[in-house]
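K.L.:
I'd like to ask you about the structure that follows.
The values are calculated or read from the model by the stated rules, or taken from the named source; none is laboratory data. This structure is a prediction, so every number in the text was calculated from the model and none was measured. Using ideal geometry, Cβ is built from the backbone for each residue, glycine included, and neighbour counts are taken over all protein chains shown. Remember, those area values only see protein heavy atoms, side chains included, never the ligands or the DNA or RNA. Shrake-Rupley method; radii C 1.70, N 1.55, O 1.52, S 1.80 Å.
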Amino acid sequence: MSAETKEAAEETAERRINMIEAINEALDIMLERDPDVIVMGEDVGYFGGVFRCTAGLQEKHGKTRVFDTPISECGIIGVAVGMGAYGLRPVPEIQFADYIYPGLDQLISEAARLRYRSAAEYIAPMTVRSPFGGGIFGGQTHSQSPESLFTHVSGLKTVIPSTPYDAKGLLIAAIEDNDPVIFFEPKRIYNGPFSGFYDRPVEPWKKHPQSAVPEGYYRIPLGQARHVAEGDELTILAYGTMVHVAEAVAKEKGVDADILDLRTLVPLDIEAVENSVKKTGKCLIVHEATRTSGFGAELSALVTERCFYHLEAPVERVTGFDTPYPHSLEWAYFPGPVRIGEAIDKILKD
Amino acid sequence: MAEPADKPPRGGDNRPALALHVPEPKSRPGDPVDFSDLDIGEPGKQPRPDEGAHPSEMTDLAYGLVRVLGEDNKAHGPWDPKLDPDTLRTMLRHMAMTRAFDERMFRGQRQGKTSFYMKCTGEEATSIATSMALASDDMVFPSYRQQGVLIARGYPLIEMINQIYSNKGDKLKGRQLPIMYSSREHSFFSISGNLATQTPQAVGWAMASAIRGDSRIAATWVGEGSTAEGDFHSACTFATVYNAPVILNVINNQWAISSFSGFAGAERTTFAARALGYGLAGLRVDGNDALACYASQLWAANRARANKGPTLIEYFTYRAEGHSTSDDPSGYRSAQEREEWPLGDPVKRLKDHLIEIGEWDEERHAAMDRECAEEVKETTKEAEKNGILGHGLHQPFRTMFEDVFEELPWHLKEQAEQATRERIKKFGEKGPNR
């Protein structure tokens with residue numbers, strides 16, 4: 001956090017909002033500041049989005065700036081590429097990350113490579129917002145975490161906030177970025193941080209200290225991790241919902257963990273990762289997505305390549321299982337406190 | 001469990017066995033060709049509705065064929081754009097130049113100067129006449145066979161050849177396949193190899209123009225085979241929903257590599273008729289008739305400019321050559337098709353028209369062909385001074401890592417350093433193109 005933004009946060013520390021409101025504010029500010037910003041997607045206009053992230057924006061900014069689209073992810077992302085080539089900054093919403101696949105060709109082959117293939121004659125400065133992740137009984141079509149598909153693509157940036165403060169600052173930075181950005185919103189923590197103990201009540205963001213969000217404009221540069229907790233015993237690398245679960249587990253176990261919220265997977269804050277692992281000598285990676293070829297595999301490889309001689313135990317991954325997301329057995333699938341706790345025990349024992 | 005392959009087909013009892021229809025073109029290599037069932041209509045007989053007409057008032061135009069030039073080489077009917085002779089001669093010259101360019105580049109590929117080339121022989125009118133009907137700053141989202149658009153827009157031939165040769169003059173830094181041009185200055189969008197992706201992008205650009213209250217419109221070109229892609233249908237939906245100022249040009253050249261148009265659904269209806277289900281204006285046009293191509297594009301452009309809505313135009317034409325230098329059409333279609341194509345050759349038809357109206361003659365035409373060939377030849381020589389594909393490394397190494405992102409992130413910096421180390425190992429400190 002820069003001195004300026006920290007000061008801004010402290011000034012308005014009393015104002016606590018949830019992640020949905022923070023995202024709404026970021027969009028509102030950018031629509032106000034930049035006439036090139038366009039918000040579009042299924043149900044985002046009059047109704048304000050199924051999660052209410054765009055509530056009130058059409059009324060305030062007009063229906064040519066904020067509008068509903070046909071149910072066509074390929075169309076939504078395809079027209080956004082054309083809008084970006086024109087000179088606008090579209091912010092398309094894909095209602096659930098699980099539905100992004102029909103738009104993949106436009107993202108992977110077009111948006112991500114347009115700058116490269118045209119030698120920067122044309123760019124696609126778009127921010128594709130999409131709620132992702134499980135923990136809301138959404139079944140296999142409303143719970144997936146497909147972030148690693150996008151981190152594998154040259155030319156795309158992948159951003160995942162874990163607090164309202166970050167969601168607002170990162171979304172503003174993403175919209176201002178001249179590269180295409182995938183902005184995954186962990187919907188499990190839209191309304192409050194989630195400890196992973198599904199049978200405990202969720203504390204709303206309005207009462208949570210990490211939800212102090214300044215009014216007005218501020219940005220969090222892409223590519224900078226957030227230090228969630230300072231510790232010496234082991235490093236925990238996480239993002240999105242899993243930041244809160246890992247934090248809660250470490251706290252309950254009384255482990256002195258150095259917890260990093262990666263915030264952006266591409267570009268990755270490799271310096272923060274290296275510094276932390278070299279300090280603790282132990283590394284646990286936690287993500288909700290399926291295990292095989294997940295982003296944890298990339299992180300594990302990076303840590304091994306760069307910190308091998310500092311490691312005192314094998315790098316561990318806690319992830320979702322390699323199955324489709326089950327509806328009724330959601331809490332058996334979800335990487336929760338038991339799985340994380342076991343991994344911590346294993347690492348610390350080594 | 002899957003049934004064993006040798007088991008007889010199901011059906012039986014009193015129920016008839018179902019049968020799958022797999023389309024088959026009417027002729028294959030060695031077969032005689034019969035185009036007699038093709039209803040090409042009489043030139044000049046098709047009505048020209050008002051540019052603001054509702055799509056439902058012009059459904060017949062989606063099934064017929066808008067034609068202007070007759071067998072008598074005269075222009076007929078309400079679609080005659082009544083172009084002045086200078087404009088017609090310019091159009092003819094662009095078409096002749098495109099053909100000369102294709103010939104030279106095709107040969108260049110055969111001589112190993114580049115990896116790949118695609119001719120547009122027989123389809124020149126669908127790019128040149130159409131782009132001449134647009135304003136020069138209207139944005140075009142072409143497919144891979146619209147080199148004529150660049151030629152009509154005055155894009156320097158040498159830039160095209162530099163791109164085809166991926167040499168040090170290539171503005172795209174040797175990253176794109178030959179013929180996948182891009183020119184922002186000429187409002188020509190970067191060509192993608194993935195099919196039909198440009199169609200929703202054109203609609204998005206047109207939507208952006210409308211959002212801004214701009215006056216420029218967008219046009220896109222897609223092959224009839226690619227209309228089967230989901231992107232095309234997304235484009236139609238978005239175009240109609242937002243009344244986007246866009247023209248969706250479908251070039252029905254009968255063949256998608258070796259698959260005839262039947263595999264995109266041509267046996268059942270026309271490609272122009274796809275417009276009807278979306279509520280788009282739909283026109284089906286003789287794609288080898290430069291005047292009909294010009295007139296229909298101008299009609300659609302005027303319609304878009306007046307906020308009356310998008311238009312889908314099918315240009316009915318014929319791909320006289322192979323799909324690309326990697327293709328051999330003698331392996332899948334009758335050689336007679338090209339000879340007997342009932343709509344003739346677009347260059348010859350325009351030439352004959354100009355001669356008929358007393359504005360051209362065979363001698364001038366032959367001289368023009370020679371001039372075009374000479375200009376392409378000289379330009380090719382100039383371009384070759386910048387290098388040809390495969391002979392040397394024309395782009396500095398660092399360019400490989402530029403433009404992935406606006407700024408170079410750490411992982412690409414590391415990979416760029418690795419590439420430099422490898423270069424020094426291979427070529428020494430004074431190696432090529434540091």
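K.L.:
Given Cα positions, please report Rg to Rh for the protein assembly as shown, the hydrodynamic radius being the Kirkwood one.
P.N.:
On the way: Rg = 29.8 Å, Rh = 29.0 Å.
Here Rg/Rh amounts to 1.03.
K.L.:
Find the relative contact order for chain B and round it to a whole percent, using C-alpha pairs within less than 8 Å whose residues are 6+ positions apart. Let's see the in-between values first.
P.N.:
Values: 795 pairs, mean separation 95.9, N = 434.
Worked out over chain B, it gives 22 percent.
K.L.:
Oh, and also: Find how much the distance from A:Lys279 to A:Val338 grows on full extension, using 0.36 nm per residue of separation minus their present alpha carbon separation; answer in nm with one decimal.
P.N.:
18.7 nm
K.L.:
Still on this structure, please answer the following. When the dipole is taken about the Cα centre of region B:335-417, and only Lys, Arg (+1) and Asp, Glu (-1) are charged at their Cβ, what size is it in debye, to the nearest 20? Write down the numbers at each step before the final one.
P.N.:
On the way: 11 positive and 23 negative charges, 60 e Å.
The dipole magnitude comes to about 280 debye.
K.L.:
To continue, here is another question. Run the 1.4 Å probe and let me know the accessible area of B:Val376, rounded to the nearest 10 Å².
P.N.:
0 Å²
K.L.:
A further question on this structure: If you average the sequence gap of Cα pairs under 8 Å that are 6 or more apart and divide by the length of region A:61-194, what percent do you get for the contact order? Intermediate results must be reported in sequence, preceding the final value.
P.N.:
Details: 229 pairs, mean separation 33.7, N = 134.
The normalised contact order for region A:61-194 reaches 25 percent.
K.L.:
So which lysines pass the test for B:Lys308, namely a Cα distance under 26 Å, with those fewer than 8 places away in the same chain ruled out?
P.N.:
Within the straight-line limit of under 26 Å, B:Lys308 reaches these lysines: A:Lys63, B:Lys45, B:Lys82.
K.L.:
Per residue of B:400-408, what is the mean number of Cβ atoms on other protein chains within 10 angstrom of that residue's Cβ? Could the numbers behind the result be given before it?
P.N.:
Details: counts 1, 1, 4, 11, 8, 13, 7, 5, 1.
Per residue, the average neighbour count from other chains is 6.
K.L.:
Other chains near B:230-237: what is the mean number of their Cβ atoms within 10 Å of each residue's Cβ?
P.N.:
Working: counts 8, 9, 1, 3, 13, 6, 1, 5.
Mean partner shielding for this stretch: 6.
K.L.:
What is the dipole size for chain B, taken about its Cα centre, with +1 at each Lys and Arg Cβ and -1 at each Asp and Glu Cβ, in debye to the nearest 20? Walk me through the numbers on the way to the answer.
P.N.:
Working: 52 positive and 63 negative charges, 330 e Å.
Magnitude of the dipole: close to 1580 debye.
K.L.:
With 43 Å as the cut-off, how large is the P(r) tail for chain B, expressed as percent of Cα-Cα pairs?
P.N.:
19 percent
K.L.:
Let me ask something else. Please work out how much accessible surface A:Lys253 shows to a 1.4 Å probe, ignoring ligands, DNA and RNA, in Å² rounded to 10.
P.N.:
Taking all protein chains as shown, A:Lys253 has close to 80 Å².
K.L.:
Compute the Cα gyration tensor for region A:62-109, then decide on rounded, prolate or oblate, letting a ≥ b ≥ c be the square roots of its eigenvalues: rounded whenever a/c is under 1.5, prolate when a/b is larger than b/c in the other cases, and oblate in all that remain. Provide the component values of the computation, followed by the final result.
P.N.:
Details: a/c = 2.32, a/b = 1.25, b/c = 1.86.
In terms of gyration-tensor shape, oblate.
K.L.:
What Kirkwood hydrodynamic radius do you get for region B:305-369 when you take the inverse of the mean 1/r over all pairs of distinct Cα atoms, in Å? All intermediate terms of the calculation are to be shown ahead of the outcome.
P.N.:
Numbers: mean 1/r = 0.0650 Å⁻¹.
Computed over region B:305-369, the radius equals 15.4 Å.
K.L.:
Also, I was wondering about something else. Kindly list the residues of region A:152-194 that lie in the label zone of A:Ile136, defined by a backbone N under 11 Å from the point 7 Å along the Cα-to-C-beta vector.
P.N.:
Label zone hits: A:185-192.
K.L.:
Taking the alpha-carbon set of region A:222-348, what are its Rg and Dmax in Å?
P.N.:
13.6, 44
K.L.:
Let me confirm one metric for peptide B:193-202, namely the mean number of other chain beta-carbon atoms within 10 Å of its residues' beta-carbons. Working shown, then result.
P.N.:
Details: counts 2, 6, 1, 3, 8, 4, 4, 13, 16, 5.
Taking all residues of B:193-202 together, the mean is 6.
K.L.:
Another question, if that's okay. If I model a spin label at B:Asp72 and B:Glu406 as a point 7 Å from the Cα along the Cα→Cβ vector, what separation in nanometres do I get?
P.N.:
Each label point is offset 7 Å from its Cα along the Cβ direction, giving 6.2 nm.
K.L.:
Label B:Ile355 and B:Lys26 with points 7 Å out from Cα along Cα→Cβ: what is the distance between them in nm?
P.N.:
2.8 nm
K.L.:
Taking a spot 7 Å from the Cα of A:Lys251 along the direction of its beta carbon, which residues of region A:151-193 have an amide N less than 12 Å from it?
P.N.:
A:193
K.L.:
Here's something else I'd like to know. Region B:126-265: Rg/Rh from Cα coordinates, Kirkwood Rh? If you can, show how the numbers build up before the last one.
P.N.:
Details: Rg = 15.1 Å, Rh = 15.5 Å.
We get a ratio of 0.97 for region B:126-265.
K.L.:
Roughly how many Å is it from the Cα centre of region B:72-123 to that of region B:276-295, as a whole number?
P.N.:
19 Å
K.L.:
Can you tell me which of B:Met95, B:Met139, B:Met400 moves the most in a GNM of chain B? Springs connect C-alpha atoms under 10 Å apart.
P.N.:
Of B:Met95, B:Met139, B:Met400, the most mobile in the Gaussian network model is B:Met400.
K.L.:
To continue, here is another question. For chain B, what does the helix formula give at 222 nm: sum of -39500 (n - 2.57) over DSSP H segments with n ≥ 4, over the residue count, nearest 500 deg cm²/dmol?
P.N.:
Theoretical 222 nm ellipticity from helices: -11500 deg cm²/dmol.
K.L.:
Hey, another quick one. Quantify how much of the Cα-Cα distance distribution of region B:318-434 extends past 22 Å, in percent.
P.N.:
Working: 4587 of 6786 pairs.
Everything past 22 Å amounts to 68 percent.
K.L.:
Per DSSP H run of at least 4 residues, take -39500 (n - 2.57); add these up for chain A, divide by its residues and hand me the 222 nm value, nearest 500 deg cm²/dmol. Working shown, then result.
P.N.:
Values: 12 runs with 119 residues, N = 350.
Estimated from H runs of four or more residues: -10000 deg cm²/dmol.
K.L.:
I'd like the projected area of region A:131-205, averaged over all directions, using the convex hull of its alpha carbons. Report it in nm² with one decimal. Don't jump to the answer; show the numbers that get you there.
P.N.:
On the way: hull surface 22.3 nm².
For the Cα atoms of region A:131-205, the hull's average projected area reads 5.6 nm².
K.L.:
Let me ask something else. Round to a whole angstrom and tell me the spacing of the C-alpha centers of region A:80-120 and region A:253-277.
P.N.:
29 Å
K.L.:
If you stretched the chain out fully between B:Thr269 and B:Phe427, how much longer would it get, using 0.36 nm times the residue separation minus the C-alpha to C-alpha distance?
P.N.:
Working: separation 158, 0.36 × 158 = 56.88 nm, distance 5.94 nm.
Separation in residues times 0.36 nm, less the Cα-Cα distance, equals 50.9 nm.
K.L.:
R0 = 22 Å: FRET efficiency of B:Arg110 with B:Lys381, Cβ-based, nearest 0.05? Don't jump to the answer; show the numbers that get you there.
P.N.:
Numbers: r = 17 Å, r/R0 = 0.78.
Efficiency, rounded to the nearest 0.05: 0.80.
K.L.:
A further question on this structure: What is the dipole size for region A:90-246, taken about its Cα centre, with +1 at each Lys and Arg Cβ and -1 at each Asp and Glu Cβ, in debye to the nearest 20?
P.N.:
In debye, rounded to 20, region A:90-246 gives about 200.
K.L.:
What are the extents of the Cα atoms of chain A along their three principal axes, in Å, largest first?
P.N.:
If we take the Cα atoms of chain A, the spans are 59, 46, 45 Å.
K.L.:
Any chance you could check the Cα centroid distance between region B:354-433 and region A:11-70 for me, in angstrom?
P.N.:
45 Å
K.L.:
Near B:Lys171, which lysines are there with a Cα under 30 Å away, not counting those fewer than 8 places off in the same chain?
P.N.:
Partners found: A:Lys157, B:Lys113, B:Lys119, B:Lys377, B:Lys381, B:Lys385, B:Lys413, B:Lys425, B:Lys426, B:Lys430.
K.L.:
For region B:86-127, which semi-axes, largest first and in whole Å, follow from the square roots of 5 times the eigenvalues of its Cα gyration tensor?
P.N.:
Equivalent ellipsoid semi-axes, largest first: 24, 10, 6 Å.
K.L.:
Normalised by the number of residues in chain A, what is the relative contact order in percent for Cα pairs under 8 Å and 6+ residues apart? Write down the numbers at each step before the final one.
P.N.:
Values: 801 pairs, mean separation 56.6, N = 350.
Answer for chain A is 16 percent.
K.L.:
Which of rounded, prolate, oblate describes region B:1-130, given a ≥ b ≥ c as roots of the alpha-carbon gyration tensor eigenvalues and a/c under 1.5 marking rounded, otherwise prolate only if a/b is larger than b/c?
P.N.:
Judged from the Cα gyration tensor, region B:1-130 comes out oblate (a/c at least 1.5, b/c at or above a/b).
K.L.:
In nm, to one decimal, how far is the B:Ile158 label point from the B:Tyr63 one, both placed 7 Å along Cα→Cβ?
P.N.:
About 5.4 nm, to one decimal.
K.L.:
Same structure again: Out of B:Phe141, B:Thr126, B:Ser56, whose Cα points farthest toward the positive end of the dipole of region B:28-184 (charges: +1 Lys, Arg; -1 Asp, Glu; placed on Cβ)?
P.N.:
Checked the options; the winner is B:Phe141.
K.L.:
Which order do you get for A:His208, A:His227 if you rank them by accessible area with a 1.4 Å probe, largest at the top? If you can, show how the numbers build up before the last one.
P.N.:
Details: A:His208 30, A:His227 85 Å².
Of A:His208, A:His227, the descending order of accessible area is A:His227, A:His208.
K.L.:
From the Cα gyration tensor of region B:170-219, with a ≥ b ≥ c the square roots of its eigenvalues, which class applies: rounded if a/c is under 1.5, or else prolate if a/b is larger than b/c, or else oblate? Provide the component values of the computation, followed by the final result.
P.N.:
On the way: a/c = 3.54, a/b = 1.79, b/c = 1.97.
Note, shape of region B:170-219 comes out oblate.
K.L.:
Count the lysine pairs in region A:176-333 that are 8 or more places apart or on different chains: how many have C-alpha atoms under 30 angstrom apart?
P.N.:
Value for region A:176-333: 15.
K.L.:
With a Förster radius of 25 Å, plug the Cβ-Cβ distance of B:Asp34 and B:Ser326 into 1/(1 + (r/R0)^6) and report the FRET value to the nearest 0.05.
P.N.:
Details: r = 29 Å, r/R0 = 1.18.
Once the sixth-power term is evaluated, E becomes 0.25.
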